[in-house]
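K.L.:
Okay, here's the structure, questions in a sec.
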Amino acid sequence: MDKCIVIGASHAGAQLVASLRQNGWQGDIDLVGDEPYLPYHHPPLSKTFLADDKSIEQILIRPASAYEKADITTHLGRRAVSLSWDTKTVTFDDGAMLTGSHIVLATGGVPRRLPISGASLPGVHVLRNAADVLAIKKLATRGSRTVIIGGGYIGLETAASLTKLGVHVTLLEAEERVLARVTGPEISAFYQRIHQEEGVAVLTAAMAATIEGIETVTGVSLKDGRSIPADLVIMGVGIAPDTLLAESAGLAIDDGVLVDERCQASKPGIYAIGDCARQDHPLYQRSLRLESIQNATDQAKNAAAAICGKPAPAAALPWFWSDQYDLKLQIAGLSQGFDNIAVRGNVREGRSFAAFYFKQKQLIACDAVNRPMEFMVAKKLLTEGKTVDPSRLIDESIDIKTVLAP
C-alpha cells in the first residue's frame with residue numbers, strides 16, 4: 001500500500017497530513033517530529049507562550065484525537081538523520097528505518113548562532129521551539145536583565161514579551177536601524193520609538209564581540225568597547241534552512257531545498273515544504289524561500305494535491321504578521337526593491353499607520369499597524385495586480401475602501 005512519510009511535525013507537516021486525507025489519500029501516513037509534542041502553533045512562542053502561563057496543549061494546531069480519527073501515525077521525539085531517495089527510506093538516530101512511497105520534508109530551519117566567544121555559555125539561548133522558550137522562562141524573572149542580539153521581528157517580539165514580564169531588556173542591532181532588511185526607515189523608526197517608550201534599551205550599529213561569563217553568562221561586550229550586563233542572552237539572528245536530510249539524499253539545494261511549482265524536489269517522489277523549501281514564485285518571477293505560516297500552509301496544500309494527482313491550488317500572495325505590545329502589524333506582499341513609500345497616518349506619533357511600498361509606480365507591498373482595513377485593501381490590490389495613486393493612499397480624508405473602485 002502507498003505510504004507518505006512526512007518529516008517535520010511543523011505547521012507545514014500538520015497541514016500536509018490533513019490535506020492528504022482531504023484530497024482522498026487512502027494510503028498510510030506517518031508524521032515524524034523530533035520534539036515530544038504534536039504540531040503546535042509557533043507564532044505564540046515569542047508572544048503569549050513566553051509572556052503568559054500557557055501550556056503546549058493550549059497551542060496545539062490539532063488535538064491528538066484529530067490524528068487518530070484521520071488514521072495518521074505519529075512518531076514524536078524521533079530524529080531522522082538520513083534519507084535514501086531511491087528506496088524512499090528514512091533512517092533515525094537509533095538505527096530504526098521507515099520506508100514509504102512518498103517523502104515530504106517539512107524540516108523547517110535551524111536558528112543561527114553568532115560565531116563569537118562565549119556563545120555556548122549557560123544562559124545563552126535561541127528562540128525557535130517550545131524547549132527554547134521553557135528554558136528562557138526559567139531565567140526571565142522580574143527585575144532580571146536580558147540582552148537580545150538581533151533587531152528583526154523575532155527579537156522585537158521577544159523584547160515586547162519579556163518587558164511584559166518585568167525584565168530589563170537591551171536589544172542590540174548590528175545595522176543602523178531595526179528591521180533594516182525587511183522594511184523602510186520610517187517603519188524602523190516607529191518600532192524603535194515604541195520599544196523605547198515601553199522601556200527597552202535599543203542600541204543600533206551595535207555589534208556583539210564576545211559573550212562574557214565563566215560558569216554562566218554575565219554580559220555582552222560590544223566591538224566599540226561597551227559592556228552590557230546580562231543574566232540571559234537571546235540570539236535572534238535568523239535561521240538557516242534545515243537541509244540535512246535533503247543533502248543525504250543528494251537533492252538540489254540553494255539556501256533551501258529547490259522545488260518545482262508542485263513542491264517536488266529534484267528527485268521523484270520527494271517533496272519539500274515550508275521554511276526549508278525554495279521555490280519560484282509566479283507573482284514575483286523569482287526564486288524565494290519564505291519563512292511564514294501562510295507559505296508553509298499553502299505549500300503543504302500544493303504538495304498534498306500533487307501527491308494525490310489533484311490540480312494545484314492557485315499561487316497566493318505572501319502575507320505575514322507580528323504582534324508587539326498592543327500593535328498588530330499585518331504585512332501584504334514583499335517590499336524588497338521598493339523605491340517609494342507612501343505612509344497613511346503618523347509614524348512619529350501614535351500607534352497606527354499603513355505604509356504602502358512602490359516600485360516603478362507599481363504597488364508591491366503594505367505594512368499596516370493597527371490598520372486592518374488598509375491591510376485588506378492592499379491585499380486585494382496586490383492580488384489583482386492593480387496599483388493606485390500614492391497621494392490617494394496618504395490622504396486620510398479619503399475612505400481607503402474607495403481606492404478599490406474602478
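The values are calculated or read from the model by the stated rules, or taken from the named source; none is laboratory data. Please read all numbers here as calculations on a predicted model, not as lab measurements. All Cβ positions, glycine included, derive from the backbone under ideal geometry; neighbour counts span all protein chains shown. Side chains are part of the model used for accessible areas, which takes the heavy atoms of the whole protein and leaves out ligands, DNA and RNA. Shrake-Rupley method; radii C 1.70, N 1.55, O 1.52, S 1.80 Å.
K.L.:
Taking only pairs six or more apart or across chains, which ones have beta-carbon atoms under 7 Å, a first residue in region 240-254 that is at negative phi, and a second residue that is of a type in the set (Lys, Arg) and part of a loop (DSSP other than H, G, I, E, B)?
P.N.:
Cβ pairs passing all conditions: Ala240/Arg112; Pro241/Arg289; Ala249/Lys267; Leu251/Lys267.
K.L.:
Can you work out which of the residues in region 357-406 that are open to solvent by less than 60 Å² (accessible area, probe 1.4 Å), among the β-branched types (Val, Ile, Thr) and in contact with a Lys or Arg (Cβ under 6 Å, 6 or more places away or on another chain) is nearest to Gly333 (Cα to Cα)?
P.N.:
Filtering first and then ranking leaves Val403.
K.L.:
Taking the condition of being assigned to a strand (DSSP E or B) and either free of Cβ contacts under 8 Å to residues at least 24 places away in the same chain or not hydrophobic (A, V, I, L, M, F, W, C) (or both), how many residues in region 260-287 meet it?
P.N.:
The qualifying residues number 8.
K.L.:
Also: Tell me which residues, restricted to region 78-110, are open to solvent by less than 50 Å² (accessible area, probe 1.4 Å) and in contact with an Asp or Glu (Cβ under 8 Å, 6 or more places away or on another chain).
P.N.:
Once the filter is applied, which keeps residues that are open to solvent by less than 50 Å² (accessible area, probe 1.4 Å) and in contact with an Asp or Glu (Cβ under 8 Å, 6 or more places away or on another chain), region 78-110 yields Ala80, Leu98, Gly100, Ser101, His102, Thr107, Gly108, Gly109.
K.L.:
Among the candidates Asp254, Asp242, which residue alone is farther than 29 Å from Glu384 by Cα and over 14 Å from the mean Cα position of the chain (by Cα)?
P.N.:
Step by step, each of Asp254, Asp242 is checked, and only Asp254 is farther than 29 Å from Glu384 by Cα and over 14 Å from the mean Cα position of the chain (by Cα).
K.L.:
Taking the condition farther than 27 Å from Leu382 by Cα and open to solvent by less than 60 Å² (accessible area, probe 1.4 Å), does Val257 pass?
P.N.:
Spelling it out, Val257 is indeed farther than 27 Å from Leu382 by Cα and open to solvent by less than 60 Å² (accessible area, probe 1.4 Å).
K.L.:
Can you tell me which residue among Thr91, Thr99, Thr73 is at pLDDT 95 or above, farther than 30 Å from Met235 by Cα, of a type in the set (Ser, Thr, Tyr) and in contact with a Lys or Arg (Cβ under 7 Å, 6 or more places away or on another chain)?
P.N.:
Thr99 is the lone residue from the list that is at pLDDT 95 or above, farther than 30 Å from Met235 by Cα, of a type in the set (Ser, Thr, Tyr) and in contact with a Lys or Arg (Cβ under 7 Å, 6 or more places away or on another chain).
K.L.:
So, one more: Output the number of residues of region 275-314 satisfying the condition of being more than 18 Å from Ile7 (Cβ to Cβ) and β-branched (Val, Ile, Thr).
P.N.:
1
K.L.:
Here's a check for you: in region 145-160, which residue that is open to solvent by less than 10 Å² (accessible area, probe 1.4 Å) and among the hydroxyl-bearing types (Ser, Thr, Tyr) is farthest from the chain's Cα centre (by Cα)?
P.N.:
Thr146
K.L.:
What helices (runs of 4 or more DSSP H) lie completely within region 117-234 and have 3 or more residues being in contact with an Asp or Glu (Cβ under 9 Å, 6 or more places away or on another chain) and over 30 Å from Ser352 (Cα atoms)?
P.N.:
Filter on region 117-234 gives 130-139.
K.L.:
Could you please tell me which pairs satisfy a Cβ distance under 9 Å, a separation of 6+ or placement on different chains, a first residue in region 305-332 that is farther than 17 Å from Thr158 by Cβ and free of Cβ contacts under 8 Å to residues at least 12 places away in the same chain, and a second residue that is open to solvent by less than 30 Å² (accessible area, probe 1.4 Å) and outside any loop (DSSP other than H, G, I, E, B)?
P.N.:
Pro311/Ala305
K.L.:
Also: Which of the residues that make up region 210-238 are touching a Gly at 6+ places or on another chain (Cβ under 9 Å), touching a residue at least 40 places away in the same chain (Cβ under 8 Å) and open to solvent by 20 Å² or more (accessible area, probe 1.4 Å)?
P.N.:
Result: Thr210, Glu212, Gly213, Thr216, Ile228, Pro229, Asp231, Val237, Gly238.
K.L.:
Take region 268-293 and flag every residue that is of a type in the set (A, V, I, L, M) and open to solvent by less than 50 Å² (accessible area, probe 1.4 Å).
P.N.:
Ile270, Ala272, Ile273, Ala277, Leu288, Leu290, Ile293
K.L.:
Going through Val110, Val81 one at a time, which residue ends up being within 30 Å of Leu162 (Cβ to Cβ) and in contact (Cβ under 8 Å) with a residue 60 or more places away in the chain?
P.N.:
The match here is Val110.
K.L.:
Please go through region 322-356 and pick out each residue that is among the aromatic types (Phe, Trp, Tyr), open to solvent by less than 30 Å² (accessible area, probe 1.4 Å) and more than 28 Å from Ser161 (Cβ to Cβ).
P.N.:
Phe356
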